[in-house]
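Have a look at the structure below before the remarks.
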Amino acid sequence: MANRECVRCHRFFERVAFEEVCPVCFPIEEEEFRKIKEYLTVHPGASSNEVMSVIGVSLKSIRRYLKEERLEIVGDNKGFIRCELCGRPLNSGRFCDGCYKEGQALRAKGFSGSLGGPFDKYGEETREKSKKGILYREKS
Ligand SMILES: [Zn+2]
Ligand SMILES: [Zn+2]
């Protein structure tokens, strides 16, 4: 049963795992991402405009790769992507450290109250990096 709308072509397809694109778009997307990765390896910190015009990738796709943590923004991202809960500008992923941590804490039964930890500093260290743009993010 087709139960998922492809984010690229908007056709409905049968989702097997957590993929966001249909089987037709999947290889296209892999190829596109391979090019982005290659480009960012040579030009780390390239701007989104640069990546869009050189690779021909859409802003929407870049944003999605950022949310999927396949790419990461360095420097001031001016709210290019934001936390889906509180709207704080993010460099990659879907939630900021605070909300992510809160979500985890809520999930862990009892809310063992370890707030005020190393997450206090979030947002500060980006200032050290003078360069801004997009980086390929190596998955760990
Ligand atoms: Zn598709
Ligand atoms: Zn948040």
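The values are calculated or read from the model by the stated rules, or taken from the named source; none is laboratory data. Please read these numbers as outputs of a predicted model, since none were measured by experiment. Glycine gets a Cβ as well: all are built from the backbone with ideal geometry, and neighbour counts include every protein chain shown.
Within this structure, Phe12 passes the test of being more than 23 Å from Lys132 (Cβ to Cβ) and in contact with a Cys (Cβ under 9 Å, 6 or more places away or on another chain). Scanning region 69-81 for residues that are of a type in the set (Asp, Glu) and assigned to a loop (DSSP other than H, G, I, E, B), we see that the one that is nearest to ligand 2 (Cβ to nearest atom) is Glu69. The residues listed here are Pro89, Pro23; of these, the one that is more than 20 Å from Glu138 (Cα to Cα) and more than 16 Å from ligand 1 (Cβ to nearest atom) is Pro89.
Sort out which residues of region 22-47 are within 26 Å of Val74 (Cβ to Cβ), part of a loop (DSSP other than H, G, I, E, B) and in contact (Cβ under 8 Å) with a residue 12 or more places away in the chain, and write them in order of number. Across region 22-47, the qualifying residues are Pro44, Gly45, Ser47.
Quick check: is even one residue across region 48-65 within 16 Å of ligand 1 (Cβ to nearest atom), surrounded by 15 or more Cβ atoms within 10 Å (Cβ to Cβ) and not in a helix (DSSP H, G or I)? Looking for residues that are within 16 Å of ligand 1 (Cβ to nearest atom), surrounded by 15 or more Cβ atoms within 10 Å (Cβ to Cβ) and not in a helix (DSSP H, G or I), one finds at least one in region 48-65, hence yes. Look at region 88-103: where a residue is part of a loop (DSSP other than H, G, I, E, B) and a partner is among the charged types (D, E, K, R) and more than 9 Å from ligand 2 (Cβ to nearest atom), sitting 6+ places away or on another chain with Cβ atoms under 7 Å, you get Asn91/Glu72; Ser92/Glu69; Ser92/Glu72; Ser92/Arg137; Gly93/Lys67; Gly93/Glu69; Arg94/Lys67.
Given the structure, is Glu84 at pLDDT below 95, among the acidic types (Asp, Glu), over 17 Å from Arg137 (Cβ atoms) and in a helix (DSSP H, G or I)? So Glu84 does not fit the description; no.
For beta carbons closer than 6 Å, sequence separation of 6+ or different chains, a first residue in region 48-66 that is charged (D, E, K, R) and a second that is surrounded by 15 or more Cβ atoms within 10 Å (Cβ to Cβ), the qualifying pairs are Arg63/Ile81.
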